[in-house]
Amino acid sequence: MELSVQNLSVQIAAQPILQHLSIAFPSGKRTAIIGPNGAGKSTLLRALAGLSRDYEGEVTLGGNDIRTMGRKTIARHLAILPQGAEAPPDTTVERLVGYGRFPYRTVFHAGDPKADREAVEWAMKTTHVEAFRRREVGTLSGGERQRAFLAMALAQQPEILLLDEPTTYLDVAHQLEVMQIVAEINKQYDMTIIMVLHDINHALRYADAIAVLAQHHIYAQGKPCAVLTTDLLARVFGVQADVFTNRKGNTVLSPVCLVSK
């Protein structure tokens, strides 16, 4: 299912955040959205998820204007893991993941218990949290907690997964663990991944395509190695960087200093 944006403009408190932005996200691929603070990355993600409808232009999901679709209808196709997701600290991991089944339940229909159970088990296994299913969320480490919330999003069994800075506040090992899980989900289940990232090297390594947000619009987009250059880092982020190849043959950008003004 394709998710795309046509001529999107957003203002907050009369200030332009996004202006005339258009982009189509390729199905079955991992797209990273990067850009400086305040560029509108999270604003774009909320519009893509149907959480914010206060904009001009159009967001389409499967060819349908997302503003005409009900929340549960959207959630059967698309899941989002926002920044700083919260849950009552005494909620168990298994119950938290079960919350992801809300699109399939109504006041008059409790859903399919077998399908719900299988989806929850799959999501916990995929994110490696099944071993602490009975632990309370408040007792988890940062990495465990992020994986539990990722499992909740996956329990929706979406075709498209939106991630807003999924590695923020995690140590290096847990950052890699989360990114590798995301890559595996995409590879095994052909799930479309759209992720806002701050780490340039994560974008280089784990994305099939990159969209750079700056100056209220898509400043550049394309394949990671073609887009993420030292010149772009200087122009968009104001930093000078060195580029080298690591032992696995991956391109790495290493910021050195601020661009002289």
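The table that follows gives values for the structure above.
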read-out: Hits in the stretch 2-24 - residues which are under 21 Å from the mean Cα position of the chain (by Cα), loosely packed, with under 14 Cβ neighbours inside 10 Å and hydrophobic (A, V, I, L, M, F, W, C); value: Ala24
read-out: Matching residues, the stretch 61-84, being of a type in the set (Gly, Ala, Ser) and surrounded by fewer than 18 Cβ atoms within 10 Å (Cβ to Cβ); value: Gly62, Gly63, Gly70, Gly84
read-out: Close pairs (7 angstrom Cβ cut-off, 6 or more residues apart or separate chains): touching a residue at least 40 places away in the same chain (Cβ under 8 Å) in the stretch 115-136, among the charged types (D, E, K, R) anywhere; value: Thr127/Arg147; His128/Arg147; Arg133/Glu94; Arg134/Glu94; Glu136/Asp90
read-out: Yes/no for Pro113 being outside the structural domain of Gln188 (by TED's automatic domain parsing) and surrounded by 15 or more Cβ atoms within 10 Å (Cβ to Cβ); value: no
read-out: Enumeration of residues in the stretch 42-54 that are charged (D, E, K, R) and modelled with pLDDT of 95 or more; value: Arg46
read-out: Subset tally (residues that are in a helix (DSSP H, G or I) and buried (at least 16 other Cβ atoms within 10 Å of the Cβ)) for the stretch 125-157; value: 16
read-out: Scope the stretch 53-68; condition touching a strand residue (DSSP E or B) at 6+ places or on another chain (Cβ under 8 Å), free of Cβ contacts under 8 Å to residues at least 60 places away in the same chain and either farther than 19 Å from Thr192 by Cα or part of a strand (DSSP E or B) (or both); matching residues; value: Asp54, Tyr55, Glu56, Gly57, Glu58, Val59, Thr60, Asp65, Arg67
read-out: Residue within the stretch 96-106 that is closer than 14 Å to Gln157 by Cα and among the aliphatic types (A, V, I, L, M) present; value: yes
read-out: Check on Val120, touching a Gly at 6+ places or on another chain (Cβ under 9 Å), outside the structural domain of Ala151 (by TED's automatic domain parsing), surrounded by 15 or more Cβ atoms within 10 Å (Cβ to Cβ) and outside any loop (DSSP other than H, G, I, E, B); value: no
read-out: Wholly enclosed strands (runs of 3 or more DSSP E) of the stretch 182-225 bearing at least 2 residues more than 13 Å from the chain's Cα centre (by Cα) and hydrophobic (A, V, I, L, M, F, W, C); value: 209-214, 217-222
read-out: Complete set of residues in the stretch 69-90 that are more than 25 Å from Leu197 (Cα to Cα) and not in a loop (DSSP other than H, G, I, E, B); value: Arg71, Lys72, Thr73
read-out: Unmet requirement for Val137, which otherwise passes all of (1) touching a Lys or Arg at 6+ places or on another chain (Cβ under 7 Å); (2) within 26 Å of Gly28 (Cβ to Cβ); value: (2)
read-out: Extreme residue, farthest from Asn64 (Cα to Cα), among residues of the stretch 85-98 that are modelled with pLDDT under 95 and surrounded by 15 or more Cβ atoms within 10 Å (Cβ to Cβ); value: Ala87
read-out: Matching option when the condition is under 22 Å from Gly143 (Cβ atoms) and either surrounded by 20 or more Cβ atoms within 10 Å (Cβ to Cβ) or at pLDDT below 95 (or both), among Thr192, Thr251, Thr167; value: Thr167
read-out: Qualifying residue in the stretch 99-113 (condition: on the phi > 0 side of the Ramachandran plot and at pLDDT below 95); value: yes
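The values are calculated or read from the model by the stated rules, or taken from the named source; none is laboratory data. These numbers come from a predicted model, not from an experiment. As a convention, Cβ positions derive from the backbone with ideal geometry for all residues, glycine included, and neighbour counts pool all protein chains shown.
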